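Q: Quick one: the structure is below, questions incoming.
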Amino acid sequence: MKDTFVFYRSWQNVIGELPDATQLEIYRAITEYALNDTTIDLSEVAKVAFAFIRQDIDRDIEKYNAICEKNRENAKLGGAPKGNKNAKKQPKTTERLKNNRTEKKQPYYDNDNDNDIIKEKIYKKEIAFKKSIEPFIERYGKETCNNFFLYWTEPNKSKTKLRYEMEKTWDISRRLANWARNEKNFNGNGKTEITTKKYEQLG
């Protein structure tokens, strides 16, 4: 359990555009996960936004743990009193000061503004894409629409564009109709297991 965590402005920029109920879900999910290492049940829209926020939290926790471990190792260098034969040699004063200056230049948490901007754009695109699918849920079913969403929102290697943005033409009504027909023809029950398993980490 932790007492504090870093909250990024990019999170607030994205969360602020969502409905109040969804915002509350995400804020609760962030605090429970960051402070208590606990996950809570979320709606579909909240789950998409929190999936990327969780990556930032995991990254910060990993860095924090690495720093704590490094500090524990450094503490072992001077455990015995001066003059004790068990005492380990300390580095020379000039070298020690140099090392301290180097360590001070490395903050506990990095905040790459360019990466935050890219992530924020991806958040907005995914949320907008999900909203564009919602009117078709009644016609094609939640599972089919979810599979469609997971497939077409896969980011490219540079994580600047989603799969559907790389198509020359895009008509969501026609694409969904073809998707639903292909699912049904694939295994006869409207479920595409391969697609679900491949992209389940995004849902």
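Q: Within 10 Å, count the other beta carbons around each residue, average over each peptide in 25-33, 5-13, and list them highest first. Walk me through the intermediate numbers first.
A: Details: 25-33: 18.0, 5-13: 15.9.
With the highest mean Cβ count within 10 Å placed first, the list reads 25-33, 5-13.
Q: Using label points projected 7 Å from each Cα along Cα→Cβ, tell me how many nm separate ARG59 and ARG181, to one decimal.
A: Once both label points are built, they end up 4.2 nm from each other.
Q: Still on this model: I'd like the projected area of region 1-59, averaged over all directions, using the convex hull of its alpha carbons. Report it in nm² with one decimal. Don't skip to the answer; put the middle values down first.
A: On the way: hull surface 14.8 nm².
Hull-based average projected area comes out at 3.7 nm².
Q: Here is a follow-up. Can you tell me how region 113-185 classifies by the Cα gyration tensor, rounded, prolate or oblate, using a/c under 1.5 as the rounded cut?
A: Details: a/c = 2.54, a/b = 1.96, b/c = 1.30.
Verdict is prolate for region 113-185.
Q: How much length is gained on full extension from GLU17 to ALA51, taking 0.36 nm per residue of separation minus their Cα-Cα distance? Spell out each step's value before the answer.
A: Values: separation 34, 0.36 × 34 = 12.24 nm, distance 1.67 nm.
This chain segment gains 10.6 nm when fully extended.
Q: A follow-up question, please. So which of LYS76/LYS159; LYS47/LYS168; LYS47/LYS157 end up more than 32 Å apart, counting from Cα to Cα?
A: As for pairs spanning more than 32 Å Cα to Cα, those are LYS76/LYS159.
Q: Can you give the FRET efficiency for ALA66 and GLU32, using 1/(1 + (r/R0)^6), R0 = 30 Å, r = Cβ-Cβ distance, to the nearest 0.05?
A: 0.80
Q: Turning to a different aspect of this structure: By how many nm would the segment from ASN74 to GLU143 lengthen if fully extended, with 0.36 nm per residue of separation less the alpha-carbon distance?
A: 19.6 nm
Just so you know, all these numbers are worked out from the coordinates, no wet-lab data involved. Given the structure is predicted, the values throughout are model-derived calculations rather than measurements. For neighbour counting, all protein chains shown are included, and Cβ atoms are generated from backbone atoms with ideal geometry for every residue, glycine included.
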